[in-house]
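Written out below as structure tokens is the structure these notes cover.
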């Protein structure tokens, strides 16, 4: 956590130092940097909270190994698979019913889960700050896209590095 605070503080000091160069450069850099930093940190925090609630409610299914899931997402190479059974032994109706059960359909509960994650205040407020900052710069004729867009990238990089340290997945591995 100390590393993240140091990284953000050093980047802020460098941004404040640009105010000596030009106010327009400084304000574009500051608004874009803070906007993208808040978006990344807010999204990371909201995601970590969502994972915490899923772990607490035991909604995580660990049926298969993660590598198996990546290498064989449709279970084509399983030992007890129908691919290795003789054609005479196959009951096609039962196979179709079993495969239909595996398909995840769009339901009210899945929509509720997705809407809950997307409507988190930790995600919405940074986006409001991003839009309002952009509009404020545009309305005051201070917006310089050549400065604003690269500054968004700087905030994304600093936010990503900070969020990896602050909301690391390591703590979930040792919880069990």
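Key figures for this structure:
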quantity: Gain in span if fully extended, residue 1 to residue 54, counting 0.36 nm per residue against the direct Cα distance; calculated: 16.7 nm
quantity: Among 30-39, 1-10, 143-152, the order from most to least packed when residues are scored by Cβ within 10 Å on average; calculated: 30-39, 143-152, 1-10
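Computed from the coordinates by the stated procedures, all read-outs in this text should not be read as laboratory data. Predicted, not measured: the structure shown is a model, and the values here were computed from it. As a convention, Cβ positions derive from the backbone with ideal geometry for all residues, glycine included, and neighbour counts pool all protein chains shown.
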